[in-house]
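The values are calculated or read from the model by the stated rules, or taken from the named source; none is laboratory data. What you see is a predicted model; the values in this text were computed from it and never measured. All Cβ positions, even for glycine, are placed from backbone atoms using ideal geometry, and neighbour counts span all protein chains on display. Please note that ligands, DNA and RNA were not included when accessible areas were found on the heavy atoms of the full protein model with its side chains. Shrake-Rupley method; radii C 1.70, N 1.55, O 1.52, S 1.80 Å.
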Amino acid sequence: MTMAEAEQLESLLKLREPFPAEQIGKLPRVTCPNCSDSRKICTEAGHRKERCQTCNAYTYNKHIHIDYVGHADVTQRLLDVDPFWSWEPFALDETGLPALDTDQFGAPVGMWIRLTVCGVTRPGYGSVPSNQHDAVKVLIGDALRNAAQRFGVALAQWQKGDRDNPAAENPVADPGQRAAPKHQAAQARIVVDTDWVAEFEKRLAETDLHNVPRFRQEVTDAMRAERINADTANRLLDLVKQKQQALNAPADGLPRNQDGTIARRQVTDDQLAAVGTMTGPEKSAHNRLVKDVTSNPKTAERGKTPAAEDPWISGGTS
């Protein structure tokens, strides 16, 4: 074995070092098939959703706990061992983005990647439920955890998951709703007031531009009062931002410059004419007339400037 190979092996072995307890969270794995299927209603006696005192997750009481290490801590381990580690998707789609597996409705549910650490490349696969919020972001994190396991990262948690629930696909690789580690427990304990959220979304849809800032403050106040958790707050703030952008959009729908004028390079003459704005040729002719008037005032005084032929002289828009 060469010196370089020995150093590479030493670095790769560091990936397998155990994680401290504070970096290990609890993943609730529902064991009842009917409870875990959102399309079904479980009729078994005693099966209900409640706050779990062990993992702090609000989930069905028929579940087991699996240890797991989160995306951030796995990333930190990779950086500690190899600051130049990288990943890439197995394939790209026609737009140049990572190729994703999708469900029957086109929602992202899976992605294959290659993870390279210390010059060694190994595969990984990330998966999410069809209704996963920020699916692509979660897919990346799950695929990295899955690929890092091939290097031995958090292998003890994977092994324990296999032994605790051998009939299921490895639960640590599954990125479904997870219980938070201890430092996120406060957020995990918050039970979202769904009635308040529904009323908020209804009022936001009906509001005008003047009142949009008030909704942003309402989200902040609701989070401080623990009526919503951080995930819900971020989602609602995104809705507020989208509403503000929609209300700020010009009625004609044409792209604008920062000063509010129409971005002429991004539109056609037909689009400009359709909204009553001068086209490119009309604007050129208008500018020539204005220049002629300002540079030859005597011509204008004699009434020789054909202003009648240019409707934009009398107040048209540009």
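Here are the numbers:
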{"read-out": "Number of positions in the stretch 61-72 that are under 27 Å from the mean Cα position of the chain (by Cα) and free of Cβ contacts under 8 Å to residues at least 60 places away in the same chain", "value": "1"}
{"read-out": "Filtered residues of the stretch 73-86 (kept if outside any strand (DSSP E or B) and touching a residue at least 24 places away in the same chain (Cβ under 8 Å))", "value": "Asp73, Val74, Thr75, Arg77, Leu78, Asp80, Val81, Asp82, Trp85"}
{"read-out": "Pro129 being under 19 Å from the mean Cα position of the chain (by Cα), open to solvent by 20 Å² or more (accessible area, probe 1.4 Å), modelled with pLDDT under 95 and of a type outside the set (A, V, I, L, M)", "value": "yes"}
{"read-out": "Residue match in the stretch 14-23 (condition: crowded, with 19+ Cβ neighbours inside 10 Å, in contact with a Lys or Arg (Cβ under 7 Å, 6 or more places away or on another chain) and not small (Gly, Ala, Ser))", "value": "yes"}
{"read-out": "Number of the condition not met by Arg122 [criteria: (1) open to solvent by 70 Å² or more (accessible area, probe 1.4 Å); (2) in a loop (DSSP other than H, G, I, E, B)]", "value": "(2)"}
{"read-out": "Output for the stretch 33-75, where each listed residue is within 30 Å of Arg16 (Cα to Cα), aliphatic (A, V, I, L, M) and surrounded by fewer than 18 Cβ atoms within 10 Å (Cβ to Cβ)", "value": "Ile64, Ala72"}
{"read-out": "Failed item in (1) open to solvent by less than 80 Å² (accessible area, probe 1.4 Å); (2) out of contact with any helix residue (DSSP H, G or I) (no Cβ under 9 Å at 6 or more places or on another chain), with Phe90 passing the rest", "value": "(1)"}
{"read-out": "Test: Thr31 is more than 30 Å from Asp193 (Cα to Cα) and among the β-branched types (Val, Ile, Thr)", "value": "no"}
{"read-out": "Test: Leu115 is open to solvent by less than 50 Å² (accessible area, probe 1.4 Å) and either outside any strand (DSSP E or B) or without any contact (Cβ under 8 Å) to a residue 60 or more places away in the chain (or both)", "value": "yes"}
{"read-out": "Positions within the stretch 119-139 being aliphatic (A, V, I, L, M) and in contact (Cβ under 8 Å) with a residue 60 or more places away in the chain, in sequence order", "value": "Val120"}
{"read-out": "Residue in the stretch 191-210 that is touching a residue at least 60 places away in the same chain (Cβ under 8 Å), open to solvent by 70 Å² or more (accessible area, probe 1.4 Å) and β-branched (Val, Ile, Thr) present", "value": "yes"}
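Here is a yes/no grid of residues against (1) among the acidic types (Asp, Glu); (2) modelled with pLDDT of 60 or more; (3) surrounded by fewer than 16 Cβ atoms within 10 Å (Cβ to Cβ); (4) within 26 Å of the chain's Cα centre (by Cα):
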residue	(1), (2), (3), (4)
Val136	no, yes, yes, yes
Gln157	no, yes, no, no
Val172	no, no, no, yes
Lys182	no, no, yes, yes
